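Here's the structure we're looking at; comments come further down.
The values are calculated or read from the model by the stated rules, or taken from the named source; none is laboratory data. Being a predicted model, the structure only gives us computed values, none of them experimental. So basically every Cβ, Gly included, is an ideal-geometry build from the backbone, and we count neighbours across all protein chains shown.
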Amino acid sequence: MGDNDNKEGFKGMANPGRYGIERVAYWLMRITGLGLLAYFIAHIYETSTILDGPSAWNAMLEMTQTTEGHIFLTLVIGMCVFHTANGIRLVFGHAGYGVGKPGRPDYPYPAKSLNMKGKACIYASIGIAALAMWYGIAVMFGV
Amino acid sequence: MEQKIHPKIKEYQEKQEESKVEVPKANLVTLKIKKYNPNKDSSSSYQNYQVPVEKWTTVLDALLDVKQNLDHSIGVRYSCRQAACGSCGMKINGKPKLACFTKISELDSTEITLEPMDNFPITRDLVVDFSRLFANHKKIMPYIMNNESEISNGTKEFLQDPKHVEEYIQFAGCIKCGLCNSACPTMAMDSSFVGPQALAQAYRYVADNRDKGKDNRLKVIDESHGIWRCHFAGSCSQVCPKGVDPAMGIQLLRGYLLGFRD
């Protein structure tokens, strides 16, 4: 019986709102990862049009020079920068660095692994991604 | 079904009618309880119960009040009432918490939704089945593995200095309440994942300098549904009521597998 299995499923996995900024970072990391995978596939398709000759290649390039194309590329810049910056935080975290030192816990038991350094890195990753997107918009739209 | 009125609320109402005194509304809360019996029901439903509370009333106190006065049939598991046994974990207003360790007043709401913890099969109403949690816990061999047993004849007890105790003591506080597994986003998708509870316990024994079973344990967790499925979302540590911080244990444990620790 489905209800009895009681697995939270995709809805629970994708819900970023309940468990603090670390869960938001987890959600953004997954979304940007999938977005970059989609971009990678699209990019291979885009560059492969060169095999069909100069006119096909130029037509493809023209597509990226539209407003929609610029918005898409701005999103790619944001995804790429956030995924890289937060990825560096996670590489260190996964190796056991920056997650705090084990010790006797005291009430109200704040989790040392969810420390201010980690939170600052997440906010910085979001901030840097936003700045990079802003720069991208300025260059592509000439703001 | 006719909604029963709590005897204390009835008493308040009668007093109000007699003396025209306003009933203090802030002291009443509605518990919205998810009811489901997998052996009988085809789907779950919610039942509302209004109970009077004081500022020290815990969710478990309120639940037991409902059971005593309004509906005896509610399925709820509890034992110690002091966050030591790990029996009364449930989803309180959408987040996994211990009912005995959560005061109604700190929820800042007059309607409290109580549901069984996610990612565990439902036994009945708010009671979930811990078989998988215990099986995963058992899988990581949660005991000191050392051939020079301290209880055999002629051997001395294993001495440990405080520095070594500090390495694992916080992880030894796990009460196996399952809140971490319920909050974990990987558990939400993958029932075969070993889970933050078992992984934190694997670290507890690996970090214990009396233990010699590190290689065996690392072999158990270094598999496709093992430690590599953790993405450090930190929700397990966010909900842990005992300060075990499973996310820290998992990352430190991964350090052993990646060769950063020995």
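Structure above, values below:
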read-out	value
Residue that is surrounded by the fewest Cβ atoms within 10 Å (Cβ to Cβ), among those in the range B:49-86 that are of a type in the set (Ser, Thr, Tyr) and more than 22 Å from the chain's Cα centre (by Cα)	B:73
Filtered residues of the range B:212-248 (kept if in contact with a helix residue (DSSP H, G or I) (Cβ under 7 Å, 6 or more places away or on another chain) and of a type in the set (Asp, Glu))	B:222, B:245
Members of the range B:241-258 that are facing chain A (nearest Cβ under 7 Å) and either within 20 Å of residue B:184 (Cβ to Cβ) or part of a helix (DSSP H, G or I) (or both)	B:242, B:243, B:245, B:247, B:248, B:251, B:252, B:254, B:255
Odd one out for residue B:62 among (1) away from every other protein chain (no Cβ under 14 Å); (2) farther than 14 Å from residue B:126 by Cβ	(2)
Unmet requirement for residue B:212, which otherwise passes all of (1) more than 13 Å from chain A (Cβ to nearest Cβ); (2) surrounded by 21 or more Cβ atoms within 10 Å (Cβ to Cβ)	(2)
Single residue of B:136, B:147 found to be over 22 Å from the mean Cα position of the chain (by Cα) and not charged (D, E, K, R)	B:147
Number of the condition not met by residue B:261 [criteria: (1) closer than 23 Å to residue B:144 by Cβ; (2) surrounded by 21 or more Cβ atoms within 10 Å (Cβ to Cβ); (3) free of Cβ contacts under 8 Å to residues at least 40 places away in the same chain; (4) within 7 Å of another protein chain (Cβ to nearest Cβ)]	(2)
The range B:113-146, residues that are more than 15 Å from residue B:191 (Cα to Cα), more than 14 Å from chain A (Cβ to nearest Cβ) and touching a Lys or Arg at 6+ places or on another chain (Cβ under 7 Å)	B:114, B:140, B:141, B:144, B:145, B:146
Single match in A:92, A:72 (criterion: over 27 Å from residue B:200 (Cβ atoms) and free of Cβ contacts under 8 Å to residues at least 40 places away in the same chain)	A:72
Contacts under 7 angstrom Cβ, first residue in the range B:138-160 being under 30 Å from residue B:196 (Cα atoms), partner of a type in the set (Lys, Arg) and at pLDDT 80 or above, 6 or more apart	B:140/B:217; B:141/B:217; B:144/B:210; B:145/B:212; B:146/B:210; B:146/B:212; B:158/B:210; B:160/B:210
Search result, residues across the range B:93-117 that are aliphatic (A, V, I, L, M), buried (at least 21 other Cβ atoms within 10 Å of the Cβ) and free of Cβ contacts under 8 Å to residues at least 60 places away in the same chain	B:99
Candidates B:163, B:156, filtered to the one that is farther than 12 Å from residue B:245 by Cα, within 14 Å of chain A (Cβ to nearest Cβ), surrounded by fewer than 14 Cβ atoms within 10 Å (Cβ to Cβ) and not polar (S, T, N, Q)	B:163
Tally, over the range A:102-143, of residues that are within 15 Å of residue A:29 (Cβ to Cβ) and surrounded by 16 or more Cβ atoms within 10 Å (Cβ to Cβ)	7
Check on residue A:99, within 30 Å of residue B:233 (Cα to Cα), without any contact (Cβ under 8 Å) to a residue 24 or more places away in the chain and either in contact with a helix residue (DSSP H, G or I) (Cβ under 8 Å, 6 or more places away or on another chain) or surrounded by fewer than 16 Cβ atoms within 10 Å (Cβ to Cβ) (or both)	yes
Positions within the range B:175-234 being over 24 Å from residue A:14 (Cα atoms), among the β-branched types (Val, Ile, Thr) and outside any helix (DSSP H, G or I), in sequence order	B:175
Count - residues of the range B:1-26 that are under 23 Å from residue B:105 (Cα atoms), loosely packed, with under 10 Cβ neighbours inside 10 Å and modelled with pLDDT of 65 or more	1
